[in-house]
Amino acid sequence: MADWNDPRSTRQGFGASPSLAGDVTARTGFDAGLRSHMLSIYNYMTSGVLLTGVVALLFSRGGAESPAAQVFLTGGPLAWLIMLSPLAIVMAMSFGANRFSTGSLQAMFWGFATLMGLSLSTIFLVYTNGSIAATFFATAGAFAGLSLFGYTTNKDLSAFGTFLIMGVVGLIIASLLNLWLQSPGLMWAISFLGVLIFAGLTAYDTQRLKQQYFQLRGTEFAGKAIVLGALSLYLDFINMFMFLLRFMGSSRN
C-alpha cells in the first residue's frame with residue numbers, strides 16, 4: 001500500500017507484461033479487501049453502540065417507575081448480575097476466541113451490547129436527555145477523527161500500546177480507590193485521564209486492526225477478527241463517552 005501513488009506501479013507502459021497487469025489487479029483487490037474488512041468492523045461496532053443506546057433508553061423509560069430504577073436503585077442480585085455479565089462476556093471472547101466459532105462470537109457480541117444497554121440505562125435517570133445526546137455526538141465526532149488518524153497515519157503507534165493499557169489499569173485501580181475515598185478532585189482527574197487514554201486507544205486500536213488484516217487475511221480467524229475488532233472499538237467508544245459525560249452531562253436534579 002505504501003506505493004499506491006507511485007506512477008510506476010499504476011501505469012502500464014508499452015509492451016508491459018501480463019504479469020505486471022496481474023500485479024496491479026492484485027494490489028487493487030488487496031486494498032479493496034482491507035477496506036471491506038475495516039468497514040465490517042465499523043458496521044458491527046456502530047450497530048452494537050446503537051443497540052446499547054436503544055436498550056438503555058427503553059429500559060429507563062418511565063423515570064423513577066422504569067425497570068432500570070426498580071432494578072438498580074433498589075439493588076439486589078439482579079443488578080449485580082446485569083453489571084458483571086458484560087465483563088464476563090468480554091473475558092470469554094478475548095481469551096476463548098479460538099474455542100468459539102465466528103457465529104458464537106457474533107451472538108456473544110450482540111448479547112454483550114444488550115447487557116451493556118441494561119447496565120448503562122441509569123445514565124438516563126441521572127442526566128438529561130439533551131446532555132446525553134450532546135455528549136454522544138461529541139464522542140462520535142472525536143472517535144471518527146481519532147480513528148481516521150489511526151487508519152491513515154504513517155507513524156507507528158505500537159509503542160503507545162503498553163503505556164495506554166497500563167493507563168487503563170491505573171484508571172481501574174484509582175476508580176476502586178475512590179469508591180472508598182469519595183474524592184471529587186480524584187473523580188475529575190480520573191475522568192480527564194480516561195478521556196485522554198481512550199482517545200489514544202481509539203487511534204492505536206484502529207492502526208492495530210488495520211495491520212492485523214495483513215496477517216490474518218485468508219485465514220479461518222479473519223471472520224473472528226472482525227467481531228473482536230468491533231468489540232475493541234466499541235469499548236473505546238463507550239468508555240470515552242462515559243468519561244466525557246461526567247464533564248458534559250447535566251443532572252436532572
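What follows draws every value from the coordinates through simple rules; no lab data is involved. Small disclaimer: the values here were computed from a predicted structure and weren't measured. Because the Cβ atoms are built from the backbone with ideal geometry, glycine has one as well, and the counts that use them run over all protein chains shown.
Estimated from helices alone, the mean residue ellipticity of the chain at 222 nm is -27000 deg cm²/dmol (sum of -39500 (n - 2.57) over DSSP H runs with n ≥ 4, per residue).
Each of the peptides 173-186, 38-51 was scored by the mean count of other Cβ atoms within 10 Å over its residues; in descending order, highest first, they stand as 38-51, 173-186.
Which one, Pro86, Pro67, Pro77, has the greatest fluctuation when you compute a Gaussian network model over the chain with C-alpha springs under 10 angstrom? So, out of Pro86, Pro67, Pro77, the one fluctuating most is Pro77.
Between Phe95, Phe143, Phe192, the Gaussian network model of the chain with springs among Cα atoms under 10 angstrom shows the greatest mean-square fluctuation at Phe95. Evaluated at q = 0.07 Å⁻¹, a Debye calculation over the C-alpha positions of the chain (equal weights, vacuum) places log10 I(q)/I(0) at -0.31. For region 235-242, putting each phi into the Karplus relation 6.51 cos²θ - 1.76 cosθ + 1.60 with θ = phi - 60° gives couplings of 5, 4, 5, 5, 5, 5, 4, 5 Hz, in residue order, rounded to whole numbers and with x for Gly and Pro.
Here the label points at Arg35 and Phe247, each 7 Å from Cα along the C-beta direction, are separated by 3.5 nm in the simple model.
Counted by Cβ distance under 11 Å from Leu105, the other residues give a net charge of +2, where Lys and Arg count +1 and Asp and Glu count -1.
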